[in-house]
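As structure tokens, the structure follows; a few thoughts come after it.
Every read-out reported here was derived from the displayed coordinates using simple, explicitly stated rules and does not represent laboratory data. Values in this document were obtained by computation on a predicted structure and should not be read as measured data. Neighbour counts are summed over all protein chains in view; Cβ atoms, including those assigned to glycine, are modelled from backbone coordinates with ideal geometry.
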Amino acid sequence: MGGRYMGMLTVAGVAARPGEVARGVMPVGSFADGTPLEIPFILVNGAGDGPTVYVEAACHGSEINGLEVIRRLVTEELDPAKLKGRFILVPVANVVAFTHRQGHTPFDNENMNRVWPGKAQGRMSERMAYALWENAIKQANYLIDLHTGNSTLVTHVVFMGGEQSSRELAEVFGVEVLLQEEKDPDWQGSRFAGKLRNSADGAGIPAICPELGGNSKFEKVRIEQGLRGVLNVAKHLGMIPGSPVLPKKQWVVSQGHLTQVKVACGGAALFEVTGGDMVRTGDLICRVYSIRDFAVLEEVRAPMDGMIIMVAENPVLHTGDMAAMMGKVTGQVDHQS
Ligand SMILES: [Zn+2]
């Protein structure tokens, strides 16, 4: 008798037998000129029994470090003959925004990561989400949604507080910062339930969202962190040999404890810190100087003890702009062997 996962892996009519890699496209519709709107995917069906892991990148079209993570996973790391379990891989989920080199979908001006699990009769973003959800995500046992944000952003993994299996997945991904989302009143009033990670949690699929550096560029260190993270998850689930490579310590930051540190004066900012730095109350974050006489207009200082999550990527700031995002560390995980 086979295990509970064994057998053919079929997505949108494309099948991979155990031990095979298959590639295909998921039809969604078409553009005005008749060009098909379709989403490419790759199936890696291991010869051995194991779970199905869904990994996608570029749900926000400009967040492309994850595309490189998936390319390297397929071309350098995974061997279907040795793999136990299956990967469904979508290197570019929002092909429309990707083509336009932007985050949101141009034709419906939608944030595709607020519309999951999509709608069959919806607008373009909702239909792309629906196609991915119905054809691929529903079959998954675990989900990794690769994003980026800003080149100064500390590499971290977002998970939903209270979802224990998602928290476990976040820990084994193995980056140093775990950002815990919480369903507070702000969350309830937003469209955050429509994030892929939250839709997956709601459907019983443990899910994480790694945030790997900045948009619209390939960043080697972030790509390597992402690749190691996906391989860590595969090791943890017994899909490939070995144990996850984990840092000695991981910091838990709660999303409810994020604080934006803003500037009072407009000008140009010289930063003393970047994402990942730990600071104490009163530590210097940046100096804002006047472009008229180069006088220092303001020294922006940390309002609390905590971690710098990111600083403004563009140092040209107006009154009220965010200079830095800080987070309060609410827990830590030790992995000393
Ligand atoms: Zn994103």
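Taking only Cα atoms, what is the 0 to 90° angle, nearest 10, from helix 124-135's long axis to the longest principal axis of the chain?
The answer is roughly 50 degrees.
What is the spin-label model distance, in nm, from GLN188 to GLU76 if the labels are put 7 Å beyond Cα along the C-beta direction?
Roughly 4.6 nm, to one decimal.
Hey, what angle do you get for helix 220-236 against the long axis of the chain, alpha-carbon based, 0 to 90 degrees rounded to 10?
That works out to roughly 50 degrees.
For the chain, what does -39500 (n - 2.57) per DSSP helix run (n ≥ 4), summed and divided by total residues, give at 222 nm, in deg cm²/dmol to the nearest 500?
-5500 deg cm²/dmol
Can you work out the PRE-style zone for ARG280? Point 7 Å along Cα to Cβ, and I want the residues of segment 293-331 with backbone N under 15 Å.
Answer for segment 293-331: 302-307.
Along the positive direction of the dipole of segment 9-247 (beta-carbon charges: Lys, Arg +1; Asp, Glu -1; about the Cα centre), which of VAL55, GLY161, PHE31 reaches farthest?
The one lying farthest along the dipole's positive direction is PHE31.
From zero up to wherever the largest Cα-Cα distance of segment 251-337 sits, split into 5 Å bins and tell me the percent of pairs in each.
Taking every Cα pair in segment 251-337, the percentages come to 3, 15, 25, 21, 15, 9, 5, 3, 2, 1, 0, 0.
Please report the spacing between the Cα centers of segment 104-178 and segment 14-36 in Å, no decimals.
20 Å
Looking at this model, which pairs from LYS82/LYS217; LYS82/LYS235; LYS82/LYS248; LYS138/LYS195; LYS82/LYS220; LYS84/LYS235 are more than 21 angstrom apart at the alpha-carbon?
LYS82/LYS217; LYS82/LYS248; LYS82/LYS220
Taking the Cα centre of segment 258-328 as the origin and placing charges on Cβ (Lys, Arg +1; Asp, Glu -1), which of VAL296, MET326, GLY267 is farthest toward the positive end of the dipole?
Towards the positive end, the residue furthest out is MET326.
Mind listing P(r) for the chain? All alpha-carbon pairs, 20 Å bins, whole percents.
30, 55, 14, 1
Nearest 10 degrees, 0 to 90: what angle lies between the long axis of helix 164-173 and the longest principal axis of the chain (Cα atoms)?
80 degrees
For CYS265 and LYS248 in one chain, what is 0.36 nm times their gap in residues minus the Cα-Cα distance, to one decimal in nm?
Result: 2.1 nm gained on full extension.
Evaluate E = 1/(1 + (r/R0)^6) for THR319 and ARG292, where r is the Cβ-Cβ distance and R0 equals 22 Å; express this FRET efficiency to the nearest 0.05.
About 0.90, to the nearest 0.05.
Charges at C-beta only: +1 for Lys and Arg, -1 for Asp and Glu. How large is the resulting dipole of the chain about its Cα centre, in Debye rounded to 20?
620 debye
Does segment 22-71 come out rounded, prolate or oblate, given a ≥ b ≥ c as the square roots of the eigenvalues of its C-alpha gyration tensor, rounded meaning a/c under 1.5 and, failing that, prolate meaning a/b above b/c?
Since a/c reaches 1.5 but b/c is at least a/b, the shape of segment 22-71 is classed as oblate.
Could you check the spin-label model distance between ASP33 and ARG301? Points 7 Å from the Cα along Cα→Cβ, value in nm.
That separation, rounded to one decimal, is 5.8 nm.
Spin-label point model (7 Å from Cα, Cβ direction): what's the GLN102 to THR330 distance in nm?
3.5 nm
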